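Here the structure is laid out as structure tokens; the discussion comes afterwards.
The values are calculated or read from the model by the stated rules, or taken from the named source; none is laboratory data. None of the values given here were measured: they were computed from a predicted structure. Please note: Cβ atoms are built from the backbone with ideal geometry, for glycine as well, and neighbour counts cover all protein chains shown.
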Amino acid sequence: MENTNINWIAMSDSAIVSQIGAFIKNERLNSNRTQAQLAKEAGINKWTLGQIENGEAITLLSLIQILRALGVLPLLDIFSIKQEISPIELAKKAQQKRQRARNKDNNTTKKSDW
């Protein structure tokens, strides 16, 4: 069985670009599409697609268009920002939470005749 773990940190920038290009080529071939077909679906030039598949740099916009055409755009989910609340903020919100309900009729105090 092949080791599929890639040490991205140890790779050079050009090696990462080559790996992304290999991924795109593999996905294109698995979906049984030519470079011309995928390039047309992505709205880019066939030369641009060939460039990334050969390990050359392309624009981020072109990469997104290619990933969308391949149907693998959810790979970018890793870039979503999750709103996380700090423990201190959570404790503050817990303190502000209502503990009791009051009857609206009892809120007004009557003046006595003294």
Of all residues in segment 20-44, which are among the polar types (S, T, N, Q) and over 18 Å from Leu61 (Cα atoms)? Asn26, Asn30, Ser31, Asn32, Thr34, Gln37
Can you name the residue in segment 1-28 that is of a type in the set (D, E, K, R) and either surrounded by fewer than 16 Cβ atoms within 10 Å (Cβ to Cβ) or in contact with a Phe, Trp or Tyr (Cβ under 7 Å, 6 or more places away or on another chain) (or both) and, of all such residues, is modelled with the lowest pLDDT? Glu2
Kindly provide the set of residues from segment 70-91 that are surrounded by 10 or more Cβ atoms within 10 Å (Cβ to Cβ), free of Cβ contacts under 8 Å to residues at least 40 places away in the same chain and within 15 Å of Ile20 (Cβ to Cβ), ordered by number. Leu73, Leu75, Leu76
Residue by residue through segment 1-34, note down the ones that are of a type in the set (S, T, N, Q), on the phi < 0 side of the Ramachandran plot and part of a loop (DSSP other than H, G, I, E, B). Asn3, Thr4, Asn5, Asn7, Ser12, Ser31, Thr34
Subset of segment 36-51, residues surrounded by 14 or more Cβ atoms within 10 Å (Cβ to Cβ), touching a residue at least 12 places away in the same chain (Cβ under 8 Å) and under 17 Å from Gly71 (Cβ atoms), comes to Leu38, Glu41, Ala42, Ile44, Leu49
Residue by residue through segment 57-69, note down the ones that are under 16 Å from the mean Cα position of the chain (by Cα), among the aliphatic types (A, V, I, L, M) and surrounded by 14 or more Cβ atoms within 10 Å (Cβ to Cβ). Leu63, Ile66, Leu67
Looking at Ile44, Ile64, can you tell me which residue is outside any helix (DSSP H, G or I) and hydrophobic (A, V, I, L, M, F, W, C)? Ile44
Which of the residues spanning segment 67-83 are assigned to a loop (DSSP other than H, G, I, E, B) and in contact with a Ser or Thr (Cβ under 9 Å, 6 or more places away or on another chain)? Gly71
